[in-house]
Amino acid sequence: MSASSYAAAGQQIAVPPQRCPICRRALTGWGGYWRWVRAPPGEWPIWIRRGRCSACRRTHALLPDLLLAQRLDAVEVIGRGLALKVAGGLGLRPIAEQLGVPHTTIRSWWRRFRARAPTLVAGCAALAVRLTGASVQLAPDRERAALEALGVAWDRTRARFGGRVGGLWPFWSRISGGQALGTNTSPPWAGLAGAGWMGPSP
């Protein structure tokens, strides 16, 4: 869903069944909260549902895959900015002007992406190999390799699971559990096999 469509649904947003990222048990509804998302052409308040695990009793925010945790901007905007920097070779200020976001915001994305790039390379390459058994050839530059590994994992996932995978940047949000630019060093796909790692997402 787009940010505007998600916002229009308000508290009536339907969230598919989700599993606890800690113990993999089914989550039950546990209220929610409002937060803002910025995506062209504006900003919207959206309702984020929470889920609670009856086994480990932890609660989790059920972020839609159009978001990343603790980031105002939609993942499509963030991904586009990073791609302009890595593949397009643009500076941070021109990217900020092109996307209509503050320079400091772009800088924070870039810093976190650079720090997370090795984890993204390792996780996405492993996922891609697990899906098809074929090796993955990547650029020596870690930031470019991170985007290449993500692209390969996305392509192979689409080939196996079809349309439910969605776009590249929502896929990035989904496989990272919304922590693509966070500090969590253990990605949700680690140690999982089959289709279980890719639960449905709004």
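Taking max minus min of the alpha-carbon positions on each principal axis, segment 85-139 gives extents of 42, 19, 16 Å, largest first. The radius of gyration of the Cα set in segment 118-174, together with its Dmax, comes out at 10.6, 31 angstrom.
Give the separation of the Cα centroids, segment 120-134 to segment 58-102, in Å. Value for the Cα centre distance between the two parts: 23 Å.
In terms of packing, defined here as the mean over residues of other Cβ atoms within 10 angstrom, the peptides 147-157, 31-41, 122-132 line up highest first as 147-157, 122-132, 31-41. Here segment 1-41 is scanned for amide nitrogen atoms under 13 Å from the site 7 Å beyond the Cα of C56 along Cα-to-Cβ, giving 19-27. Under a 5 Å amide H cut-off, with hydrogens placed 1.01 Å from N, C20 pairs with R25, A26, L27 among residues at least 5 apart or on other chains.
Using every pair of distinct Cα positions in segment 1-101, the Kirkwood expression returns a hydrodynamic radius of 15.1 angstrom. Here the contact order of the chain, divided by its residue count and restricted to Cα pairs under 8 Å and six or more residues apart, works out to 19 percent. Normalising by residue count, segment 53-102 has a Cα convex hull of 94 Å³ per residue.
In summary, the convex hull built on the alpha carbon positions of the chain has an orientation-averaged projected area of 11.1 nm². When the Cα atoms of segment 79-175 are aligned to their principal axes, the ranges along those axes come out at 41, 29, 19 Å in descending order. Neighbour counts of C-beta atoms inside 10 Å place H103, H60 in the sequence H103, H60, starting with the fewest.
Bear in mind these aren't lab numbers, they're just calculated from the coordinates by the rules spelled out. Note that the coordinates shown come from a computational prediction; the quantities given were computed from them, not determined experimentally. Every residue, glycine as well, gets a Cβ built from its backbone with ideal geometry; the counts of neighbours run over all protein chains shown.
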